Amino acid sequence: MIGGVASGAPAEGDGGPRLEPPTRAELRHATERFLDRVDAPLPETVQRQGERRRGPVVDGSLFPENRIVAFYGAPQLPATIVGRKTPSAAASKLVSQAAPYAGTNRRPVIEAFDLIAVIATASRGPDRKYRFRQDPFVISTYLEQARAIGGRLILDIQPGRANVVAEVRALEPWLIQPDVDLSIDPEWNVGRKGVPGRTQGSIRARKLNRVSGKLQEIIDENLLPPKALVVHQFRKRSVRKRRRVVQRPDVDVTLNFDGIGKPPAKKAGYAQLSRPKLFDGFSLFYRLDRKLMTPRAVLRLDPEPDFVLYQ
């Protein structure tokens, strides 16, 4: 069984298990198994349900007009909700999970897959970058599933030793699509000498601003609607000098609190790590949280989250 998970560190002040990243060989074999058994498109009933609620977001900003409810992971990683289900089954469950967040006098809800497109690894690989780039067919599979329910695809980067901006450039063929967003996992940004799973990673505001600048450049050059840039965090040092993180005109920078634990610890960590002028996200872990918070409890958080992630 492959370990690796993109987040899963405990909330500050609470405890929780920590999983080791997979090796490149494990990921290659898991990818081959996935490609051999990839399932059929969503049933037409689920597709019609998505089409009936809304079409793709093409104008205006994502936040705060809308709320995204997303599933996180990769099909090679069974510790994640995406890895525990086939693409169509994950899409069907995502529609059901997002439903309680919609309703009268609430923001429109957009479902999304936060797919790990660059997976941190325990083995260095031929380029010594300690990361594995997702197979393009895997990405296209989840983009099709997201579109089938009227949702979006978020491409997550676990850099390992790789340069984050270089990984964004490698994903540009996908990011020029109007319904594809970006996320970054600083926990796995370990620098030139770090090793994923041993080194606690982080990212500086200056590098985040370079990433958001690159994303804004992609939007401008391709006349695209706004995109989200989600930054996963579970402690203060996940994002260094966070006061210097800037918003771009068409990039909704969102700090997503990614801690595991009991509801009181998660609420406290979320409030502590939110940042004025940036958007807010909150993660929930089906198997690792100690008492999974209900959608009603999540919507009572202060500030109210713009982005809700399930793993």
Name the residues in segment 153-199 that are in a loop (DSSP other than H, G, I, E, B) and under 15 Å from the mean Cα position of the chain (by Cα), would you?
Gln158, Pro159, Leu171, Asp179, Asp185
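Does segment 190-198 contain at least one residue that is within 28 Å of Ala98 (Cβ to Cβ) and surrounded by fewer than 23 Cβ atoms within 10 Å (Cβ to Cβ)?
If we filter segment 190-198 for residues that are within 28 Å of Ala98 (Cβ to Cβ), which is where we start, we get none.
No, the conditions are met nowhere in segment 190-198.
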May I ask you to list the residues in segment 142-152 that are in contact with a strand residue (DSSP E or B) (Cβ under 7 Å, 6 or more places away or on another chain) and part of a loop (DSSP other than H, G, I, E, B)?
Ile149, Gly151
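Between Ala120, Ala102, which is of a type in the set (A, V, I, L, M), at pLDDT below 95 and more than 22 Å from Leu278 (Cα to Cα)?
Working: Ala120 fails: at pLDDT below 95.
After applying the criteria, what remains is Ala102.
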The one condition Ala122 fails out of (1) in contact with a strand residue (DSSP E or B) (Cβ under 8 Å, 6 or more places away or on another chain); (2) not in a loop (DSSP other than H, G, I, E, B) is (2)
What's the number of the only condition in (1) modelled with pLDDT under 90; (2) outside any helix (DSSP H, G or I); (3) more than 21 Å from Pro178 (Cα to Cα) that Pro21 fails to meet?
(1)
Which of (1) touching a residue at least 24 places away in the same chain (Cβ under 8 Å); (2) surrounded by fewer than 16 Cβ atoms within 10 Å (Cβ to Cβ) does Ala90 not meet, given it meets every other one?
(2)
If you take the residues in segment 259-276 that are surrounded by 19 or more Cβ atoms within 10 Å (Cβ to Cβ) and among the aliphatic types (A, V, I, L, M), which one is nearest to Ala297 (Cα to Cα)?
Ala265
Among (1) over 19 Å from the mean Cα position of the chain (by Cα); (2) over 21 Å from Glu111 (Cα atoms); (3) in contact (Cβ under 8 Å) with a residue 40 or more places away in the chain, Leu224 falls short only on (2)
Looking only at segment 71-91, filter to residues that are in a loop (DSSP other than H, G, I, E, B) and within 15 Å of the chain's Cα centre (by Cα); which one of those is nearest to Ala117 (Cα to Cα)?
Ala74
Could you go through segment 218-230 and let me know if any residue there is modelled with pLDDT of 95 or more, in contact with a Leu (Cβ under 6 Å, 6 or more places away or on another chain) and under 18 Å from Glu187 (Cα atoms).
yes
Residues satisfying the stated conditions in segment 177-235, i.e. under 15 Å from Leu62 (Cα atoms) and of a type in the set (Val, Ile, Thr)
Val180, Ile219, Val230
Where Arg235 falls short, out of the listed (1) among the basic types (Lys, Arg); (2) more than 18 Å from Val164 (Cα to Cα); (3) out of contact with any Gly (no Cβ under 9 Å at 6 or more places or on another chain)
(3)
Return the only residue of Lys241, Lys193 being on the phi > 0 side of the Ramachandran plot and modelled with pLDDT under 95.
Lys241
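Quick check on Ala117: is it assigned to a strand (DSSP E or B), surrounded by 22 or more Cβ atoms within 10 Å (Cβ to Cβ) and touching a residue at least 12 places away in the same chain (Cβ under 8 Å)? Steps first, answer last, please.
Details: assigned to a strand (DSSP E or B): yes; surrounded by 22 or more Cβ atoms within 10 Å (Cβ to Cβ): yes; touching a residue at least 12 places away in the same chain (Cβ under 8 Å): yes.
Yes; evaluated as a whole, the condition is true for this residue.
Among Ser92, Ser61, which is of a type in the set (S, T, N, Q) and at pLDDT below 85?
Answer to the selection: Ser61.
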Evaluation of Arg290 against (1) under 25 Å from Arg106 (Cα atoms); (2) at pLDDT below 95 (one fails), failing number
(1)
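The values are calculated or read from the model by the stated rules, or taken from the named source; none is laboratory data. Just so it is clear, the model here is predicted, and its values are computed rather than measured. Reconstructed Cβ throughout: ideal geometry from the backbone, glycine too, with neighbour counts over all protein chains shown.
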